[in-house]
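Student: Quick one: this structure, given as structure tokens, is what I'll be asking you about.
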Amino acid sequence: MLETEKIFLEEKARIIRKHIISMLGEAGSGHPGGSLSAADIVAALFFHHMNIDPARPHWEHRDRFILSKGHAAPVLYAALAEAGFFDTKELKYLRKTGHMLQGHPDMKSTPGVEISTGSLGQGLAVGNGMALAAKLDGRDYRVFVLMGDGEIQEGMIWEAAMAAAHYKLDNLVGILDYNGLQIDGPITQVMNPEPIVDKWKAFGWHVIVIDGHDFEEIISALEQADRIEGKPTLILAKTIKGKGVSFMENQVDWHGKAPSKEEMELALKELSQGEVLERWETLK
Amino acid sequence: MGNPEIKMKATRDAYGEKLAELGEKYEDIVVLDADLAKSTKTILFGKKFPKRFFDMGIAEQNMVGTAAGLALSGKIPFASTFAVFATGRVYDQLRMSVCYPKVNVKIAATHSGLTVGEDGASHQALEDIALARALPNMTVVVPCDAVETEKVVEFAVEYVGPMYIRLGRSKVPVILDPGYKFRLGKGVVLREGKDVSIIATGIMVAKSLEAAEVLAQKGIDAEVINMSSIKPLDKELILESASKTGGVVTVEEHSIIGGLGSAVCEVLSENLPVPVERVGVKDVFGESGSAEELLEKYGLSINDIAAAAERIILRRQK
Ligand SMILES: Cc1ncc(C[n+]2csc(CCOP(=O)(O)OP(=O)(O)O)c2C)c(N)n1
Ligand SMILES: [Mg+2]
């Protein structure tokens, strides 16, 4: 991966994070922690790896992205708007009556949303269906499913994990946003899902462990997954919940609480300075 | 609610507080949650009685199955999560492990209805009463305010058998006085009237009382009934009131399919066919927005209730 590509993605992720904060501050409710932790993964998918065409959200050959952890809708909306699926002006109306950006992704109202989510645990199975259809139709699109580390406590995740391996869905990639926190506390204290890597391996998946905030590692894992044959890949991305906003980082209380006006200003200020921006400025 | 005299409290808050209080008296109470303890307020019990509190993680089906096992071993389990998950996600577990064997599990489901607000359709249970009501052996109760919630929780501890208690997220007016007695299978006339019967449940009871005031100004004398016990249903009271007024409006923060409206129609059509208007969500999913805006948009405002009552008067005159 070229240095310029990396700087480009870092900048995209920074803008996505700013959108997330502004949207949630404006909405007055929603989920910052898990949106921010996934920003780099989502930026890498939408602005580097996935084969998509925002002008044709239903293009048959597009790669599919499923936000199984639907509460992180702001990260998806920010990426979709930045990519051009719809006007960034819409972001202002997140969670408002009569507007298209629902609290959790709604495929009927929002272009680029592949499936409505918000009830945890259901996205991987839908991804399996899309991956199976690609095989049936001889199409080479790929399916990416982003899951939460609390979300994988749902039994249905493991039913889907078993099925994906059984049907050798090598066109399917699961990405685990491994930020260590859910609502009631650290995942290991609420309902320990460890050892997570061993579990996915035992279910027949190829597993890659990465730093979910390092673009070189994210991109190289996605490319490695492209090459794996005969089994699905799980990318376990170690992340920081609330990443990018110092007072939100690793704070369980920032799972589902919107920033106040002052907190929003503070967060936006933090996201409007620093190395990423400087590198981007020199590139321009 | 413009009136500052009226106390506002969410039914989920009343539930959490009461449960924590009853935990002292009843050592067999155990509480289960699915990573929503701070929202359902079971955290209050959990903090006080950590040994008798089980956070099951994001795994509702396992939570309900475990609750059944605890109940079969002499415990009194209360299992809580949002109403969408507490019915839809665990339906077969409720059917097979709780209702069919008639096991003593209490499902206390919070965040029901449109007043979930900003989280949107995915989180707004508008069919949970219908689902719960269809299960044999299931008891379904929808408290109208914080006072009734406390009484229902007290009742639930003593009652033996499956029970679904439907609670809400938003603060709602406290309309009953502390001496109120909850009786399963009994509705309560909160306002007597002779022109039309308004039968309401849950948070729509307060709105119905306000609608009755609006109607009174128009010379219409409405009776308002709090029908918190949806199953078993107070057939006698429904028939008594309907035979007096000759027309019924049902009001619920739920789909018009399968909930209170359907239940009342079942009783009336078999015994005393009179005109009925069902105020509820018209077979659609909700959306994101503020609680009050959504109630307005989906036809659950005070004016909608009053308008339905006026339609009854017109229909009866024909
Ligand atoms: C089936 C279901 N149960 C419960 C919830 C409520 N809920 C929303 S987010 C969340 C915690 C998610 O934790 P995790 O998967 O780790 O997400 P992240 O940390 O990435 O935000 C819960 C319990 C839900 N949306 N769906
Ligand atoms: Mg997490």
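The values are calculated or read from the model by the stated rules, or taken from the named source; none is laboratory data. Everything numeric here is computed off the predicted structure, so don't read it as measured data. Every residue, glycine as well, gets a Cβ built from its backbone with ideal geometry; the counts of neighbours run over all protein chains shown.
Conditions tested, residue by residue: (1) among the basic types (Lys, Arg); (2) within 14 Å of chain B (Cβ to nearest Cβ); (3) within 16 Å of ligand 2 (Cβ to nearest atom).
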| site | (1), (2), (3) |
| --- | --- |
| A:41 | no, no, yes |
| A:73 | no, yes, yes |
| A:84 | no, no, no |
| A:93 | no, yes, no |
| A:102 | no, yes, no |
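Student: Please find, among A:97, A:110, the residue that is surrounded by fewer than 24 Cβ atoms within 10 Å (Cβ to Cβ), within 14 Å of chain B (Cβ to nearest Cβ) and touching an Asp or Glu at 6+ places or on another chain (Cβ under 6 Å). Quick ask: steps written out before the conclusion?
Tutor: On the way: A:110 fails: touching an Asp or Glu at 6+ places or on another chain (Cβ under 6 Å).
Sole residue among the options that is surrounded by fewer than 24 Cβ atoms within 10 Å (Cβ to Cβ), within 14 Å of chain B (Cβ to nearest Cβ) and touching an Asp or Glu at 6+ places or on another chain (Cβ under 6 Å): A:97.
Student: Take region A:170-199 and flag every residue that is surrounded by fewer than 23 Cβ atoms within 10 Å (Cβ to Cβ), over 23 Å from residue A:257 (Cβ atoms), in contact with a Gly (Cβ under 9 Å, 6 or more places away or on another chain) and not acidic (Asp, Glu).
Tutor: Within region A:170-199, A:192, A:193 qualify.
Student: Can you spot a residue in region A:44-51 that is touching a residue at least 40 places away in the same chain (Cβ under 8 Å), more than 14 Å from every other protein chain (Cβ to nearest Cβ) and in a loop (DSSP other than H, G, I, E, B)? Reasoning before the result, please.
Tutor: As a first pass, look at region A:44-51 and keep what is touching a residue at least 40 places away in the same chain (Cβ under 8 Å): A:44-45, A:48-51.
Within this subset, residues satisfying the condition of being more than 14 Å from every other protein chain (Cβ to nearest Cβ) are A:44-45, A:48-51.
Right, trim to in a loop (DSSP other than H, G, I, E, B) and you get A:50-51.
Looking through region A:44-51, at least one residue is touching a residue at least 40 places away in the same chain (Cβ under 8 Å), more than 14 Å from every other protein chain (Cβ to nearest Cβ) and in a loop (DSSP other than H, G, I, E, B).
Student: Any residue in region B:28-49 that's more than 9 Å from every other protein chain (Cβ to nearest Cβ) and touching a residue at least 12 places away in the same chain (Cβ under 8 Å): show its pairings with residues that are crowded, with 24+ Cβ neighbours inside 10 Å and among the polar types (S, T, N, Q) at Cβ separation under 6 Å, as long as the two are six or more apart or on different chains.
Tutor: If the second residue must be crowded, with 24+ Cβ neighbours inside 10 Å and among the polar types (S, T, N, Q), the pairs left are B:31/B:42; B:40/B:80; B:40/B:110; B:42/B:80.
Student: Tell me which residues, restricted to region A:159-182, are more than 9 Å from ligand 2 (Cβ to nearest atom) and in a loop (DSSP other than H, G, I, E, B).
Tutor: A:167, A:168, A:169, A:170, A:171, listed by residue number.
Student: Working only within region B:243-294, note down all residues that are of a type in the set (D, E, K, R) and within 14 Å of chain A (Cβ to nearest Cβ).
Tutor: Residues of region B:243-294 of a type in the set (D, E, K, R): B:244, B:252-253, B:266, B:270, B:277-278, B:282-283, B:287, B:292-293.
Once the filter is applied, which keeps residues that are of a type in the set (D, E, K, R) and within 14 Å of chain A (Cβ to nearest Cβ), region B:243-294 yields B:287, B:292, B:293.
Student: Scan region B:91-106 residue by residue and report those that are crowded, with 24+ Cβ neighbours inside 10 Å and either under 11 Å from residue B:68 (Cβ atoms) or within 12 Å of chain A (Cβ to nearest Cβ) (or both).
Tutor: We begin by selecting, within region B:91-106, every residue crowded, with 24+ Cβ neighbours inside 10 Å; these are B:94, B:98, B:105-106.
Hits for region B:91-106 are B:94, B:98, B:105.
Student: Could you pull out every one of the strands (runs of 3 or more DSSP E) wholly within region B:1-107 that has 3 or more residues that are under 20 Å from residue B:152 (Cα atoms), at pLDDT 95 or above and under 19 Å from the mean Cα position of the chain (by Cα)? Please lay out each step first, then the result.
Tutor: Values: elements: B:29-33, B:53-55, B:76-82.
It comes to B:76-82.
Student: Regarding region A:129-147, can at least one residue be identified that is farther than 30 Å from residue A:230 by Cβ, modelled with pLDDT of 95 or more and within 12 Å of chain B (Cβ to nearest Cβ)?
Tutor: Scanning region A:129-147, I find no residue that is farther than 30 Å from residue A:230 by Cβ, modelled with pLDDT of 95 or more and within 12 Å of chain B (Cβ to nearest Cβ), so the answer is no.
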